[in-house]
């Protein structure tokens, strides 16, 4: 397929495949481009970050982002002025002076604590109620006009909540970044510093706890949980079992579980994953984070131990909001939009206006608001869009587009801005959205950041997309994917270990692995080259994945 990749604007644009690996739908592109920049711009201004925003654009279906400078973002310089000029500008320019004042106030007031409190008190309950109201509208029983209205409501809801998603992440990344940066300054390893955050996110462990309670109910009735092959069989175990399963599915059944685009599958669409997770569900072992924290604290200079306590408390205080954010602001409402659009597609296919119901997922957001009207693209055009999107998925996009933008040295900034930028850079390093980014340079493509204390050996389920692996994942298997999302907590309950090509010690995969007690190696750039079906050992202590036996060699020995 002949396409060209050109920078979508001035400056340097970096490829980000952690959320949208390629071949992205028009609706998902619209949501990201309209929501990410404004959400991040708002929180950067509120906290005094010396940058405008992180801009989001798609090129041939691939996601590229750019950190937009506070001044001169539309005409980035080819080279920087002398340091004394930069130092003067960072103190004299009105925009920098305003950010310096705001940043100082941010560090004094720590507004993320108020945001986290407001999340639990008002925002989270409001989102739960709104999502539940939208979920209660069953697309299959709605008339065409009501179905079109539901699609419009979901698009509007998602536009609002996706911007909220990025704004909230500024308030959870801030305190975690400050804590992580301070720990590195004290000589503490990032992975052990982050271990002290385990247990601060009940929303992450809740799905596994629900399934563990359901398994206990099944086994209390002297029923072999492995004999259950459908949701109806689980419900027939007892009224309590039925209630537990229905509560679990009501919370996450319509949630996207294999990715972020609306082409991803929801948990309802992969019931085998739920049943497999049920068969292996064990309540997570409680972590004595206080002992871990005290061990770290003892290695901090005495004069700084009070600051350590404050930073750790702030970081733990936002962890649950961080992990609950994605499912409520994006993955569930996006799953509901998928459900509604597939019903639109079924009706259009039945009337001969689409070749395939799934082609409705390639509608433009404006077309989706009136899908039964005269403005619907032709059957051939919708088929072409779907074919083109799938073809774009196979491309190898450039890692960056546009000329390099020289970054000013941090030491030209006022102290408070320098600390803020250093903290953010530390956090972004350990989020590591690029392949192998979180592990540093490694000659071994199967080496990355290890999470956990004990190795695990199992069958690798390798896939370029998560839905490929999930369909065949069995308890104890090693899930090998590009990256995970918060929606993966149900899937990781099945896995014995997880390996990703993207991510660092602060990535979703790392956080989920810590909370669920699953060994992981993240940021192993060559992981997707592990043969599917191979026997592998995931050693989190060494941060290494070892292929013990390939599927072909195993068959040859039989």
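The protection proxy used here, the mean number of other Cβ atoms lying within 10 Å of each residue, ranks peptides 536-546, 392-402, 234-244 as follows, highest first: 536-546, 234-244, 392-402.
For the listed peptides 280-288, 54-62, a ranking on the average number of other beta carbons within 10 Å per residue, highest first, reads 54-62, 280-288. Rounded to the nearest 500, the helix-only mean residue ellipticity at 222 nm of the chain stands at -15500 deg cm²/dmol, with each DSSP H run of n ≥ 4 adding -39,500 (n - 2.57).
The share of C-alpha pairs in segment 1-97 whose separation exceeds 17 Å stands at 59 percent.
The length gained by stretching the chain between residue 468 and residue 132 to full extension, at 0.36 nm per residue less their Cα-Cα distance, is 118.1 nm. Debye-formula intensities of segment 134-285, expressed as log10 I(q)/I(0) at q = 0.10 Å⁻¹, are -0.56 (one equal scatterer per alpha-carbon, no solvent).
Using C-alpha pairs under 8 Å with a sequence gap of at least 6, the mean separation divided by the residue count of segment 202-280 gives a relative contact order of 29 percent.
Once the Cα-Cα distance is subtracted from the 0.36 nm per residue extended length, the residue 238 to residue 118 segment shows a gain of 39.4 nm. Any idea what % of Cα-Cα pairs in segment 202-280 are farther than 18 Å? Result for the distance tail: 37 percent. Here the alpha carbons of segment 248-376 define both size measures, Rg and Dmax, at 22.9, 74 Å.
The label-point distance for residue 249 and residue 428, in a model that sets each label 7 Å from Cα toward Cβ, rounds to 4.4 nm.
Treating each Cα of the chain as an identical point scatterer and summing with the Debye formula, the log10 of I(q)/I(0) at q = 0.13 Å⁻¹ comes to -1.49.
Kindly rank 306-313, 271-278 from highest to lowest mean number of other beta carbons found within 10 Å of each residue.
271-278, 306-313
All of the numbers you see were taken from the coordinates with simple rules; none came from a lab. Everything quoted here is computed from the prediction, not taken from an experiment. Ideal geometry is used to build each Cβ from the backbone, glycine not excepted, and the neighbour counts take in all protein chains shown.
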